[in-house]
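The values are calculated or read from the model by the stated rules, or taken from the named source; none is laboratory data. Not measured: the values here are computed from a predicted model. All Cβ positions, even for glycine, are placed from backbone atoms using ideal geometry, and neighbour counts span all protein chains on display.
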């Protein structure tokens, strides 16, 4: 059974600093996704990573995928308060009928 | 493009009562998911449909939960009878994975409180 683990689960950082969130998964996957969730809201898609070595960037966030290591990272550059949210990675397995399995989430707080 | 629609947004019921949630996916999306998200946790898959057929319901508590997707479009998720531990947000998502690079889109969710 696929396991998706994120770390850290809680992250408090200062504005202007850089940090990385890690997402490890246990078996071969077909796609990896990053979602953002604000308190009381639904999940907003951030990135879709399709292949080994894929890198995508949007603003201060950059996501990458290493399928050999079964690892994805979400790098935050020069954090701002607006990035405070919970970030989830999710792994898709086509062999399981396109099952989408989520990690536990990383609750990010950016302090002024 | 209209998003995934869910209703109701909020529901409060007493334990042992029944409740139903409705989801209308994005037009043309063949895959529909129901997830349960307990406060502070990641979404947990309950059931997945491909058109109107069930692909995965291995984590659905079938003694109390049921779901259907008539005509491969709208879906309903029912809980009967509800327990206190069913208090959670129920998220519906849809996707069209045959298209390159697409992902699952989520509705606003239904927040269920069982008292």
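Overview of values
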quantity	calculated
Residues within segment B:69-101 that are assigned to a loop (DSSP other than H, G, I, E, B), free of Cβ contacts under 8 Å to residues at least 60 places away in the same chain and under 19 Å from residue B:114 (Cα atoms), tallied	1
In segment B:70-80, the residues that are surrounded by 14 or more Cβ atoms within 10 Å (Cβ to Cβ) and farther than 13 Å from residue B:46 by Cβ	B:72, B:73, B:74
Qualifying position, being surrounded by 18 or more Cβ atoms within 10 Å (Cβ to Cβ) and outside any strand (DSSP E or B), among A:51, A:29	A:29
Selection count where residues are without any contact (Cβ under 8 Å) to a residue 40 or more places away in the chain, surrounded by fewer than 17 Cβ atoms within 10 Å (Cβ to Cβ) and more than 10 Å from chain A (Cβ to nearest Cβ), scope segment B:23-52	3
Strands (runs of 3 or more DSSP E) enclosed by segment B:16-68 - at least 1 residues per element that are in contact with a helix residue (DSSP H, G or I) (Cβ under 6 Å, 6 or more places away or on another chain)	none
Matching residues in segment A:91-109 - criterion: being assigned to a strand (DSSP E or B) and surrounded by fewer than 17 Cβ atoms within 10 Å (Cβ to Cβ)	A:109
Only one of B:91, B:112 that is within 13 Å of chain A (Cβ to nearest Cβ) and at pLDDT 95 or above	B:91
Residue A:112, sole failed condition from (1) in contact with a helix residue (DSSP H, G or I) (Cβ under 7 Å, 6 or more places away or on another chain); (2) away from every other protein chain (no Cβ under 13 Å); (3) surrounded by 14 or more Cβ atoms within 10 Å (Cβ to Cβ); (4) in contact (Cβ under 8 Å) with a residue 24 or more places away in the chain	(3)
Which numbered condition residue A:88 fails, given (1) in a strand (DSSP E or B); (2) surrounded by fewer than 18 Cβ atoms within 10 Å (Cβ to Cβ)	(2)
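Results for (1) outside any loop (DSSP other than H, G, I, E, B); (2) modelled with pLDDT of 95 or more, shown as yes or no for each residue.
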| site | (1), (2) |
| --- | --- |
| A:17 | no, yes |
| A:23 | yes, yes |
| A:36 | yes, yes |
| A:41 | no, no |
| A:64 | yes, yes |
| A:74 | yes, yes |
